[in-house]
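The values are calculated or read from the model by the stated rules, or taken from the named source; none is laboratory data. Note that the structure is predicted; figures quoted are calculated from it, not measured. As a convention, Cβ positions derive from the backbone with ideal geometry for all residues, glycine included, and neighbour counts pool all protein chains shown.
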């Protein structure tokens with residue numbers, strides 16, 4: 001099975017009851033949620049925060065592992081399409097190994113950067129209010145993804161960029177890329193962005209949110225994926241009210 005980020009709740013179905021209990025407790029501790037019952041709306045937001053927190057913790061850990069991007073057919077970061085001619089030329093003149101190193105470093109950078117993502121997502125989840133929760137639960141197939149994208153993109157980009165840049169610099173990928181592309185841009189009408197770090201950062205963020213949306217759709221559309229009472233209540237009873 002492909003290694004990919006499992007956004008909100010689908011991963012819970014892979015855990016034992018003891019593991020689920022442990023993950024729920026970790027989520028409660030991180031979000032400051034107590035088990036005391038409040039109003040129906042308060043219970044809904046607490047449950048949604050728990051589930052989002054679990055999904056984020058588990059999902060980002062998958063992408064941050066070695067080959068989380070590199071061996072994922074959907075998320076693997078390649079050179080941009082407009083650079084295909086440049087890549088082909090480099091390979092033809094015997095620089096294929098350098099191109100392969102650059103591609104590997106791009107994916108390693110994305111994997112390393114994902115280690116920074118969970119904490120940022122958790123902060124966003126903490127700040128979620130009742131209105132946000134209602135909008136998400138009753139919203140579109142990607143409402144939770146859209147909320148997190150709106151509230152975390154800037155912070156994620158700021159965290160990701162230096163990590164990715166450091167990874168690229170280890171093999172001089174950024175320097176070589178800028179030199180090659182700046183030369184290419186001088187003779188080509190179709191310009192290519194010489195900022196490789198910005199390109200990889202953007203691709204890494206797009207990869208995270210793409211998979212978030214895919215997994216969110218699954219849990220919303222498939223009642224069988226709601227394997228705990230918490231999931232059934234949040235996306236079953238509450239969503240219908």
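Here is a yes/no grid of residues against (1) within 20 Å of residue 64 (Cβ to Cβ); (2) out of contact with any helix residue (DSSP H, G or I) (no Cβ under 7 Å at 6 or more places or on another chain); (3) modelled with pLDDT under 85; (4) crowded, with 16+ Cβ neighbours inside 10 Å:
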site	(1), (2), (3), (4)
142	no, no, no, yes
150	no, yes, no, no
156	yes, no, no, yes
163	yes, no, no, yes
192	no, no, yes, yes
206	yes, yes, no, no
209	yes, no, no, yes
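From 98, 50, grab the single residue that is out of contact with any strand residue (DSSP E or B) (no Cβ under 8 Å at 6 or more places or on another chain), touching a residue at least 40 places away in the same chain (Cβ under 8 Å), surrounded by fewer than 21 Cβ atoms within 10 Å (Cβ to Cβ) and assigned to a helix (DSSP H, G or I). Lay out the reasoning, then the answer.
On the way: 50 fails: surrounded by fewer than 21 Cβ atoms within 10 Å (Cβ to Cβ).
Step by step, each of 98, 50 is checked, and only 98 is out of contact with any strand residue (DSSP E or B) (no Cβ under 8 Å at 6 or more places or on another chain), touching a residue at least 40 places away in the same chain (Cβ under 8 Å), surrounded by fewer than 21 Cβ atoms within 10 Å (Cβ to Cβ) and assigned to a helix (DSSP H, G or I).
If the requirement is being under 14 Å from residue 80 (Cα atoms) and within 23 Å of the chain's Cα centre (by Cα), which of these qualifies: 197, 135, 154? Of the residues listed, the single one that is under 14 Å from residue 80 (Cα atoms) and within 23 Å of the chain's Cα centre (by Cα) is 197.
When segment 162-193 is examined, which residues are found to be over 20 Å from residue 89 (Cα atoms) and part of a helix (DSSP H, G or I)? Before you say what the answer is, go through the steps one by one.
In the first step, residues of segment 162-193 are kept if they are over 20 Å from residue 89 (Cα atoms); the result is 162-170.
Those that are over 20 Å from residue 89 (Cα atoms) and part of a helix (DSSP H, G or I): 162, 163, 164, 165, 166, 167, 168, 169.
This table checks each residue for (1) in contact with a helix residue (DSSP H, G or I) (Cβ under 7 Å, 6 or more places away or on another chain); (2) closer than 21 Å to residue 215 by Cα.
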residue: 69; (1), (2): yes, yes
residue: 79; (1), (2): yes, no
residue: 103; (1), (2): no, no
residue: 129; (1), (2): no, no
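Taking the numbered list (1) in a helix (DSSP H, G or I); (2) without any contact (Cβ under 8 Å) to a residue 60 or more places away in the chain in turn, residue 140 passes all entries but (1).
Can you name the residue in segment 81-95 that is out of contact with any helix residue (DSSP H, G or I) (no Cβ under 7 Å at 6 or more places or on another chain) and part of a helix (DSSP H, G or I) and is also modelled with the lowest pLDDT among such residues?
The first filter runs over segment 81-95 and keeps only residues out of contact with any helix residue (DSSP H, G or I) (no Cβ under 7 Å at 6 or more places or on another chain), leaving 81-85, 88-89, 92-95.
Remaining after also requiring part of a helix (DSSP H, G or I): 81-85, 88-89, 92.
Values: 81: 77, 82: 72, 83: 77, 84: 79, 85: 78, 88: 85, 89: 81, 92: 88.
Looking at the filtered set, the residue picked out is 82.
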